[in-house]
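Student: Please find one structure pasted underneath; my questions will follow.
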């Protein structure tokens with residue numbers, strides 16, 4: 001029977017105890033140089049950079065900045081609790097700051113991963129320094145536990161993502 005997820009190498013998680021930043025940068029730089037090369041939404045002031053990847057539970061989580069998006073990525077860190085999903089499938093991850101919707105994706109050089117869009121396109125960023133500053137703030141906010149359990153319980157569904165964007169943009 002054919003694999004519904006595509007080629008086997010694209011659905012076998014690349015598990016690593018090592019920081020996946022270099023692999024991510026290499027894979028997405030290749031995408032920038034090929035599939036995305038002539039796309040008009042690219043921000044020429046940005047480059048591909050994996051930022052702040054750290055272990056969270058049994059996974060790697062961090063931010064990937066590219067000339068076309070800034071996304072939170074989650075990749076497998078070991079053999080526990082990672083069931084590859086078909087690309088395009090959505091799931092919810094419970095991060096310390098709340099629940100966030102992620103989209104399953106896969107690249108041949110990486111295997112499956114989960115992605116949550118922060119910005120797409122990224123034309124509002126004037127340079128990499130500004131993009132890094134926003135990415136760092138986003139990651140800090142995502143991995144921060146709410147100040148109190150009561151505060152977390154009172155937040156309506158979807159408020160975690162909305163609150164994150166409000167904190168990043170300074171909106172109230």
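The values are calculated or read from the model by the stated rules, or taken from the named source; none is laboratory data. These figures come from a predicted structure and were not determined experimentally. Positions of Cβ are backbone-derived with ideal geometry, glycine not excepted, and every protein chain shown enters the neighbour counts.
Student: Just checking, does the stretch 33-48 include any residue being free of Cβ contacts under 8 Å to residues at least 60 places away in the same chain, in contact with a strand residue (DSSP E or B) (Cβ under 9 Å, 6 or more places away or on another chain) and part of a strand (DSSP E or B)?
Tutor: The answer is no, given that none of the residues of the stretch 33-48 is free of Cβ contacts under 8 Å to residues at least 60 places away in the same chain, in contact with a strand residue (DSSP E or B) (Cβ under 9 Å, 6 or more places away or on another chain) and part of a strand (DSSP E or B).
Student: Could you check the stretch 99-140 and list, in sequence order, the residues that are at pLDDT 95 or above, crowded, with 19+ Cβ neighbours inside 10 Å and either in contact with a helix residue (DSSP H, G or I) (Cβ under 7 Å, 6 or more places away or on another chain) or more than 17 Å from residue 76 (Cα to Cα) (or both)?
Tutor: Scanning the stretch 99-140 gives 100, 118, 119, 122, 125, 131, 134, 135, 138, 139.
Student: Sort through 24, 42, 64 and tell me the only one that's modelled with pLDDT of 95 or more and over 15 Å from the mean Cα position of the chain (by Cα). I'd like the intermediate steps shown before the answer.
Tutor: On the way: 24 fails: over 15 Å from the mean Cα position of the chain (by Cα); 64 fails: over 15 Å from the mean Cα position of the chain (by Cα).
Going through 24, 42, 64 in turn, just one is modelled with pLDDT of 95 or more and over 15 Å from the mean Cα position of the chain (by Cα): 42.
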